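Participant: Below are the structure tokens for one structure; questions will follow.
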Amino acid sequence: MRPDALVIRAMLLVAATAVLSGPSARAQAAPTQNGVVVTFLANEGVMLSSGRSKVLIDALFLKYERGYAVPADSTQAALQNARAPFNTVDVILVTHRHGDHFHPAPVVAHLRANPRATLLTSQQVIDSVRGHLAAGGALTPRLMARTMAPGTRRREVVNGVTVELLGLPHGGSRHRHVEHLGYVVELGGRRVLHVGDTDISETAFAPFRLDTARIDVALLPSWMVLDDDGRRVIQRWIRPRQVVAFHVGEGEGERTAREATAALPDAVTFFRSLDTRRW
Ligand SMILES: [Zn+2]
């Protein structure tokens with residue numbers, strides 16, 4: 001065999017080996033790059049999961065005022081008792097203390113049922129949880145309070161999950177005493193933004209330059225998607241690959257979904273509890 005033929009044969013062998021070993025080698029090197037699964041619950045409640053990691057955001061609350069949605073009783077029971085698919089949750093995030101996003105009773109129930117979970121949220125939510133604990137020493141190491149001034153950000157790694165906390169104020173001046181956080185959660189090689197009931201103004205979003213942060217999925221209150229100024233902020237300051245509208249009133253899902261699609265043709269609207277998508 002001529003030397004150049006030998007070289008070509010060696011090159012082909014290397015190429016074939018690379019093709020054969022490629023996917024499994026990549027899977028071993030980066031087992032969590034397979035995307036994120038988002039399961040909708042009600043209002044702004046979601047579970048994010050990828051591989052063995054699970055994160056709940058604004059998912060543990062009770063029936064609030066009239067017109068506000070709530071998951072089915074069986075779903076609420078599974079959430080509170082940390083039963084599948086809501087078992088082995090690593091991190092619980094709560095944007096703020098309002099009753100359509102949070103109630104201390106199901107949060108404490110979940111933390112007791114699932115010793116793996118850590119709660120990472122505002123001081124006000126932590127205080128509410130502490131107030132609910134009769135003699136709450138055992139849970140204390142799993143309660144992380146973070147107060148974020150508007151426009152500030154902070155990165156945390158909790159139980160192996162990277163979360164960025166964003167100082168986004170609550171919308172509406174009557175709620176200015178409510179501590180409020182946004183989150184960017186990194187799971188499965190994706191970045192998921194959850195903005196709670198944020199102020200939808202440019203002033204609130206501009207400091208974070210999320211438009212340069214490669215946001216894959218932006219979970220946004222439906223009124224932000226339906227509002228002209230809100231859409232400008234989405235397109236200028238967030239620029240996500242996928243817009244998801246949620247926080248839809250009871251019985252208003254179909255109509256809001258139609259309006260959201262008319263406003264942003266690629267937007268997805270979450271309004272059916274347990275609707276589950278992968279990105
Ligand atoms: Zn609120």
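Participant: Roughly how many Å is it from the Cα centre of the stretch 203-279 to that of the stretch 145-178, as a whole number?
Facilitator: With the stretch 203-279 and the stretch 145-178 each reduced to a Cα centre, they are spaced 19 Å.
Participant: OK, next. Given contacts defined as C-alpha pairs under 8 Å and at least six residues apart, what's the relative contact order of the stretch 145-279, whole-number percent?
Facilitator: 17 percent
Participant: So for the chain, Kirkwood radius off the Cα pairs, Stokes-Einstein at 37 °C and 0.692 mPa s: how many µm² s⁻¹?
Facilitator: It comes out at roughly 165 µm²/s.
Participant: Only bridges whose two residues both fall in the stretch 181-279 count here: according to DSSP, what percent of them are antiparallel, nearest 5?
Facilitator: Percent antiparallel among DSSP bridges in the stretch 181-279 is about 35.
Participant: Sticking with the crude label model, points 7 Å out along Cα→Cβ, report the distance from ALA84 to THR276 in nm, one decimal please.
Facilitator: If labels sit at ALA84 and THR276, their model points lie 1.1 nm apart.
Participant: Now for a different question. Round to the nearest 0.05 the FRET efficiency obtained for ALA213 and SER173 when R0 = 41 Å and r is the Cβ-Cβ distance.
Facilitator: About 0.90, to the nearest 0.05.
Participant: May I ask you to list the GluC sites (Glu not before Pro) in the stretch 230-279 that are in a DSSP loop and have at most 15 other Cβ atoms within 10 Å of their Cβ?
Facilitator: GLU250, GLU252
Participant: Contact order normalised by length for the stretch 107-198, with contacts defined as Cα pairs under 8 Å and 6 or more residues apart; what percent is it?
Facilitator: 21 percent
Participant: Let me know the shape class of the stretch 125-203, please: from the alpha-carbon gyration tensor, a ≥ b ≥ c as square roots of the eigenvalues, rounded when a/c is under 1.5, otherwise prolate if a/b is greater than b/c, or oblate.
Facilitator: Since a/c reaches 1.5 but b/c is at least a/b, the shape of the stretch 125-203 is classed as oblate.
Participant: Counting other C-beta atoms within 10 Å, and keeping those with at most 10, which DSSP coil trypsin sites (Lys or Arg not before Pro) do you find in the stretch 33-96?
Facilitator: ARG52, ARG66
Participant: At a Förster distance of 45 Å, what's the computed FRET efficiency of GLN33 paired with ASP227, Cβ-Cβ distance as r, to 0.05?
Facilitator: Once the sixth-power term is evaluated, E becomes 0.85.
Participant: Between ASN159 and LEU62, what is the label-to-label distance in nm when each label sits 7 Å out along the Cα-to-Cβ direction?
Facilitator: So the label points at ASN159 and LEU62 sit 2.4 nm apart.
Computed from the coordinates by the stated procedures, all read-outs in this text should not be read as laboratory data. Source: prediction; values computed, not measured. Using ideal geometry, Cβ is built from the backbone for each residue, glycine included, and neighbour counts are taken over all protein chains shown.
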